[in-house]
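Just below is one structure, and these are the notes that go with it.
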Amino acid sequence: MKLSATHPLMLFLIGIIFVKRTSLTLVKTVNSGTTVAFLCPNILTEPSYIAWFKQINGSLPLCIVTQYVGEKQADSIYLNGFKKDHIEMSVNKTFSSLKIVNVDVSDSGFYYCGSFLTNYMKFHNKTQLVVVNETNQFKEDITNADCGATEETSRSCHIYYTLTLILSGLVLLPTVFAIVVLIRLKKSNKQRQDAQRHGHNKEMNKQLQQKEQDEDLNYAALSLDKKKSRRPVRGMREVEPNVIYAATR
């Protein structure tokens, strides 16, 4: 096999994957023990690799199986402990398929179809597989529901979140407006009270000054009266030196 053909396989083995684009996620919920199949389009325009990957808990995608697509049909190569009796891959000119037989809860995860194009891996047809038991199917469906599973559900969720945001704004804005009004009223009342208190204090100071002035005037008047009363008074019988007294018989 040529180096150009083995290069993508080496990337799969060492876990170095270059991701070009990932499409919307499709959620597929099945009961344990059933058989599921995934499809993705064969977009290769020249001989290269198509591979299927599994991703769990946000980790890097793990290559399950890969197949070289060229002029001659090649066998699938299973990697990382996955076996043909449980997983089966096939490729034709139009599609690549991955079939999982007798699924178990451990098979739950995200599955990708990857096509190696020149020097990067392009992921597409992302599917979330949710395997549940019949007893807890309803619970698992709720827990693993993905709002962005399909374009239709993504649009519905977008509308839902938009309406929720609008309703939250309609509820929140009046509350904020009422709080702002209360704060302004409280501030205005405080300023009014301060102004009244300042005016009252000013009036009291004015009255005190007037009272002090009146007291000063009264004190000055009393002092003046006391000074007048201390002035010596001339006797009624004081003899005038130039008067001549005469006696008659």
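Can you list residues whose amide H is under 5 Å from Ser48's amide H, if they're 5+ apart or on another chain and H is modeled 1.01 Å from N?
Under 5 Å from the amide H of Ser48: Val69.
Find which of Leu170, Tyr160, Leu185 sits farthest along the positive direction of the dipole of region 150-204, computed with +1 on the beta-carbon of Lys and Arg, -1 on that of Asp and Glu, about the Cα centre.
With unit charges placed on the Cβ atoms, the residue in question is Leu185.
In debye, nearest 20: dipole of region 33-90 around its Cα centre with unit charges on the Cβ of K, R (+) and D, E (-)?
On the way: 4 positive and 5 negative charges, 37 e Å.
In total the dipole reaches around 180 debye.
When the chain is fully extended, how far beyond the present Cα-Cα distance does Leu217 get from Val176, taking 0.36 nm per residue of separation?
Values: separation 41, 0.36 × 41 = 14.76 nm, distance 6.11 nm.
Stretched fully, the Leu217-Val176 segment lengthens by 8.6 nm.
Pairs Lys72/Lys126; Lys186/Lys206; Lys72/Lys93; Lys28/Lys99; Lys28/Lys93: which are spaced more than 23 Å apart, C-alpha to C-alpha?
On the way: Lys72/Lys126 28 Å; Lys186/Lys206 30 Å; Lys72/Lys93 12 Å; Lys28/Lys99 13 Å; Lys28/Lys93 25 Å.
Violating the 23 Å Cα-Cα cut-off are Lys72/Lys126; Lys186/Lys206; Lys28/Lys93.
From the phi of every residue in region 161-171, what ³J(HN,Hα) in whole Hz does the Karplus formula 6.51 cos²θ - 1.76 cosθ + 1.60 yield, where θ is phi - 60° and glycine or proline is x?
Once θ is set to phi - 60°, the couplings for region 161-171 become 5, 5, 5, 4, 5, 5, 5, 4, x, 5, 7 Hz.
What's the whole-number percent of alpha carbon pairs in region 150-204 lying beyond 17 angstrom?
On the way: 950 of 1485 pairs.
Considering region 150-204, 64 percent of its Cα-Cα pairs are separated by more than 17 Å.
Taken together, the values in this text are just the output of simple stated rules run on the coordinates, not laboratory data. Small disclaimer: the values here were computed from a predicted structure and weren't measured. With ideal geometry, Cβ positions are generated from the backbone for all residues, glycine too; neighbour counts draw on all protein chains shown.
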